[in-house]
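Undergrad: Got a structure for you, written out below as structure tokens; questions coming shortly.
Rule-based calculations on the coordinates, nothing more; no lab input. Source: prediction; values computed, not measured. Note that we place each Cβ from the backbone using ideal geometry, even for glycine, and neighbour counts take in every protein chain shown.
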Amino acid sequence: MKRFSVLILSLIICNIALAQTDSLSTQRPDSLARPDDITPTLAIFAKGNGAPVDTLDVGDGRVRIVLRDDNTWYLIKNVEALEDEEVFSENWREHIVNPYIGTPLDSIPYRVTICLVDSVSRFVCPHKGRVFSKFGIRRGRKHTGCDVPYPTGTPVYCAFDGRVRLAERHKGYGLAIVVRHENGLETLYGHLSRMDVVPGQWVHAGDLLGLGGSTGRSSGPHLHFETRYCGHAFDPEWIIDFERGELRKNVFVLKRSYLSPYSRYVPETIDDEEELYLTEEQIKAEEERIAREKAAMKYHTIRAGDTLSGIAVKYGTSVSKICSLNSGLKPTTTLSIGRKIRVK
Ligand SMILES: [Zn+2]
């Protein structure tokens, strides 16, 4: 709150300062510097068309005002002022995609509240439109990001403010860039054809990172985009609505269960909303119940001569129970050898 008041005060002071500046005060009132809408928008410079010509420091140095040549202005976070934040020094390696080797999944809280954008930071969607290959298990392999169509040479812009941690050639990702953000998230941009940033460089949402391409393990030009927390990838669609090119929410509740290639985005239900009011103990009990259920699951791989009734007897269950556990399985279904079916 205090920081917010300082910001408001700084803005007022700054506005007075602007009004008193010679070059501006001689102009008609309607051409005085005016603020853009400071809510996050897709097109970062949508409100004014002028080119940025000057930057003014305000308050504690964490925020800057950028003036455009059409007398509009917008606020921007002074990312370099974040240099002392631990998030930009701990587990900071410039040549390892996942530097959080000592951070196992069970050491991460059940829920982490993550502020994606605030009033002085923005989001620029890496791609507006369809995701053609989603996060999750793909042909038996883990796909730890979203693939979006991206012709070679198309500019790749940074999604959020942050600092470039890695920018180099990688066997699978090809030319890849990882940017770490103030909230601890990292975004990864893979298969690029050119890189325009270097590790350690501070970047704003919308800054050019490089150009799209098809380097590394890639079947054609596309952008492989990942979101990671403590080294664990989660489905970017939990936070981004690619079809609309927007964030789903400005504040995101990351559940530990999302940090798995088996956890693909599903639209939130009322239950999820209610879960926000559960205590840590209740969530822990629920996760333990789910874990027990998972541990109790049993699978059977079909061998020559197997019948559903024979399998049911073997596992002490019934044919109808087995069918209810496997979508599309009917008592009359021909069992193909090697197929794995759930029996409990
Ligand atoms: Zn991919």
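Undergrad: Where in the stretch 57-77 does the label zone of Asp84 land, with the point 7 angstrom along Cα→C-beta and an amide N cut-off under 20 Å?
TA: Inside the label zone: 57-64, 77.
Undergrad: Right, something else. Okay, which of the stretch 297-312 sit inside 15 Å, backbone N to the point 7 Å along the Cα-Cβ direction of Ile337?
TA: Residues 301-307 qualify, since their backbone N sits under 15 Å from the label point.
Undergrad: Lysine pairs in the stretch 60-205 8 or more apart or on different chains: how many have alpha carbons under 25 angstrom apart? Walk me through the numbers on the way to the answer.
TA: Numbers: Lys77/Lys128; Lys128/Lys142; Lys134/Lys142; Lys134/Lys171; Lys142/Lys171.
Final tally of qualifying lysine pairs is 5.
Undergrad: Here's another thing I want to ask about it. From the Cα trace of the stretch 104-181, what convex hull volume per residue do you get, rounded to a whole Å³?
TA: Working: hull volume 13.3 nm³, N = 78.
Spread over its residues, the Cα hull of the stretch 104-181 gives 171 Å³ apiece.
Undergrad: Treat each spin label as a single point 7 Å out from the Cα along the C-beta direction, and report the Lys294 to Asp69 distance in nm.
TA: 5.7 nm
Undergrad: I would also like to ask the following. Rounded to whole Å and sorted largest first, list the principal axis extents of the Cα atoms in the stretch 137-237.
TA: Extents along the principal axes, in whole Å: 36, 29, 22.
Undergrad: If you don't mind, there's one more thing I want to ask. Apply 1/(1 + (r/R0)^6) to the Cβ-Cβ distance of Glu287 and Val251, taking R0 = 22 Å, and write down the FRET efficiency to the nearest 0.05. Numbers along the way, then the final one.
TA: Working: r = 22 Å, r/R0 = 1.00.
The formula returns an efficiency of 0.50 here.
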